[in-house]
Amino acid sequence: KCDAKYSYGWYRVGVNISANETVTINGSSYTRTQCLVEALTLNAKDAITWHQLGVDIFSTDKTVTVNGNCYNARQCILEALKNDGGAARAWQNLGHGMSTSETVDANGKQYTRLQCYMEAVKCDAKYSYGWYRVGVNISESETVSINGSSYTRAQCLVEAVTHDATNAEAWHQLGCGMAADETVTINGSSCSKNSSEALVSNLLVPHFSC
């Protein structure tokens, strides 16, 4: 209200209301999406806001108009990466919206879905969900090279749970790929197939079937 041209203020208002809420500012009503659009109207180079806007409309067929141009969810995420090529979560969400056979042009280079997930981990080596996505998108016999090291499917999943012990999906997939007598070392502790399945149950998630 004090500064209607404060881009970050608009962003913070937007992310602090739900999709079906509105706020009244200086006599006008704004939805979450409209707050984010206002932020980008004032600062079109804000990668965080572009990414959030893309995530917000990801599961819909909606488009948004920013500075006279129309954008769908993928285009919003591509704008985020255009302004910050190191945005790990933007890379992950770009991949999440792609089919396995699809490629997309990001910053002048073609990427497959797997390559988008790999970029996410290259940008943030502690990004658990990025490691999980890489792991489940390669077969047991495949390896990927990330930041100079080679990883199997199982090793990617180990990285995922190493960086976030609450990542139930990664624990589940890791357990499914292990033999009954096999163990892996995670954060200094030995983990068996049974213990990984127990952790999934303890995390209070629905039962998964291998």
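The values are calculated or read from the model by the stated rules, or taken from the named source; none is laboratory data. All values reported here derive from a predicted model rather than from experimental measurement. Cβ placement follows ideal geometry from the backbone for every residue including glycine, while neighbour counts extend to all protein chains displayed. To get the accessible areas, we keep the full protein, side chains included, count just its heavy atoms, and leave off ligands, DNA and RNA. Shrake-Rupley method; radii C 1.70, N 1.55, O 1.52, S 1.80 Å.
Ligands, DNA and RNA left out, the accessible area of the stretch 148-197 computed with a 1.4 Å probe is 43% carbon and sulfur. Mind counting lysine pairs for me in the chain? Cα separation below 17 Å, and the two need to be 8 or more apart along the chain or on different chains. So the count of such lysine pairs works out to 5.
Springs join every pair of Cα atoms under 10 Å in this Gaussian network model of the chain, and among Arg12, Arg32, Arg133 the largest mean-square fluctuation is at Arg12.
Can you give me the Cα centroid spacing of the stretch 117-134 and the stretch 1-55 in angstrom? The stretch 117-134 and the stretch 1-55 have Cα centres separated by 28 Å.
For Arg12 and Val136, a Förster radius of 30 Å and the Cβ-Cβ distance give a FRET efficiency of 0.30, rounded to the nearest 0.05. Taking each DSSP H run with n ≥ 4 as -39500 (n - 2.57) and averaging over every residue of the chain yields -14000 deg cm²/dmol at 222 nm.
Could you calculate the FRET efficiency of Asn43 with Asp181 from 1/(1 + (r/R0)^6), where r is the beta carbon distance between them and R0 is 41 Å, rounded to 0.05? Result of the calculation: an efficiency of 0.15. Comparing Ser18, Thr41, Phe58 along the charge dipole axis of the chain, the residue lying farthest to the positive side is Thr41, per the Cβ-charge model.
Taking Rg/Rh (Cα atoms, Kirkwood Rh) as calculated from this structure, the corresponding entry among (i) 1.06; (ii) 0.97; (iii) 0.95 is (i). Probing with 1.4 Å while keeping every protein chain in the model, the per residue accessible area of the chain equals 53 Å².
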